[in-house]
Each structure stands twice: as structure tokens, then as C-alpha cells.
Amino acid sequence: MLVRKGGLEMRALVLLAILVFAIIYFDPASSAHAASAAVIPTEGGTWTSQTITILIIPQPSEPWFKASYTFDANHAISRWSESIIVYTDAYGSNYLRKLNFITCISGVNESLCGSPNIQVQFIESFGSQSAGLGLTRVGISSSGIFQAPTTTTLAAYDPTNSTQLTDNDMINIASH
């Protein structure tokens, strides 16, 4: 009986080892994405670099533009980073943690971003023909690669052009 019990324990241990190996080897989050560290797939497309550069383009000469909107957009980008951490903690897709965001501001340090992956710009309003407060245009090649720049446009006023958005509004819209 002792020999048989030891044999069952050994079989269970071997099966457990095979299962762990299979999970590590065949899990797409740990193998396919880790094997290609410079390619970061996300929902909708793939970034070809772990570092995503974001250029915020303020409109200081426009009377409708509040200087704080630049900081609001930057705060939203910080939320993106925080969201990735929360998501990866909950779902274990640690390859997403390799994404690194560098934010530049036009006229201040834009040379650090080179050709940015993402541009954030501002307009007064999308007008009454749209209910939108923000719009993102994304280009994706036939191979699923994001084509830079992805452009996010944020409105300073509601569609009726009667209410200027608050800083909290701008942070929430840019985060979305």
C-alpha cells in the first residue's frame, strides 16, 4: 500500500508539473507577448514600441482655451497608466505593464516626443451637429499596427457652445 500511495503521489506531481508547464508555455499573455517585447497588442491594434509618446497641443492664443486643460490631459494620461496597473493586477496580463507613456507639450518640450504616437488637441466645440465632447481618430494598418499619430480632439465647450467644460470634465473626457 505504501508503494502504491507513493506512486499515486508521484503521478500527481508529474501531472501537476505538466499542467504548470502547459500553462506557462501556451498562455498567450506570458509567451506570445513576452517573446516579442517590442510589440504590445491591445484591444483594436498593436503598438510597435513599449514607449508611447503623447504630444499635448494647447491653444493658448484662443480665448476659449483654459491653460489648465493641458494639465487635465496630462492627468488623464496618468490615469491610463494607473488603469493598466489595476487591469493587470486583476487579470494577469502583465505584458501591458511594459507600456510606458512619455508626455510632451507643444512649445515646451515637444522635441522629446519626436514623431508622437498620440496627439491630444483642443477645439472650442464640435457644434450642435454632434453630441460629442471628445473624438479619437485611430489609423490601423492591414497588419493591425497603429499608424501614428492617433489623434484625440477635446472640446472646451458643450455641443451647444453655451457651457465651458470644467477641469474635472476635461480629465474625465480625456481619460475615456
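Some observations on this one:
- Selection from segment 65-77 of residues that are farther than 23 Å from GLY139 by Cα and within 16 Å of the chain's Cα centre (by Cα): HIS75
- Failed condition for LYS98, given (1) touching a helix residue (DSSP H, G or I) at 6+ places or on another chain (Cβ under 9 Å); (2) of a type outside the set (Val, Ile, Thr); (3) at pLDDT 90 or above: (3)
- Residues located in segment 106-121, provided they are surrounded by 15 or more Cβ atoms within 10 Å (Cβ to Cβ) and free of Cβ contacts under 8 Å to residues at least 60 places away in the same chain: SER106, GLU110
- Condition check for SER68: small (Gly, Ala, Ser), touching an Asp or Glu at 6+ places or on another chain (Cβ under 7 Å), modelled with pLDDT of 90 or more and surrounded by fewer than 17 Cβ atoms within 10 Å (Cβ to Cβ): yes
- Flag for ALA90 being assigned to a helix (DSSP H, G or I) and either surrounded by 14 or more Cβ atoms within 10 Å (Cβ to Cβ) or hydroxyl-bearing (Ser, Thr, Tyr) (or both): no
- Positions within segment 109-124 being more than 18 Å from the chain's Cα centre (by Cα) and either part of a helix (DSSP H, G or I) or outside the structural domain of THR53 (by TED's automatic domain parsing) (or both), in sequence order: GLU110, SER111, LEU112
- Yes/no for ASN100 being in contact (Cβ under 8 Å) with a residue 12 or more places away in the chain, surrounded by fewer than 16 Cβ atoms within 10 Å (Cβ to Cβ), closer than 14 Å to TRP47 by Cβ and out of contact with any Cys (no Cβ under 7 Å at 6 or more places or on another chain): yes
The values are calculated or read from the model by the stated rules, or taken from the named source; none is laboratory data. Just so it is clear, the structure is predicted and the values come from calculations on it, not from any experiment. No Cβ is skipped: glycine too gets one built from the backbone with ideal geometry, and neighbour counts run over all protein chains shown.
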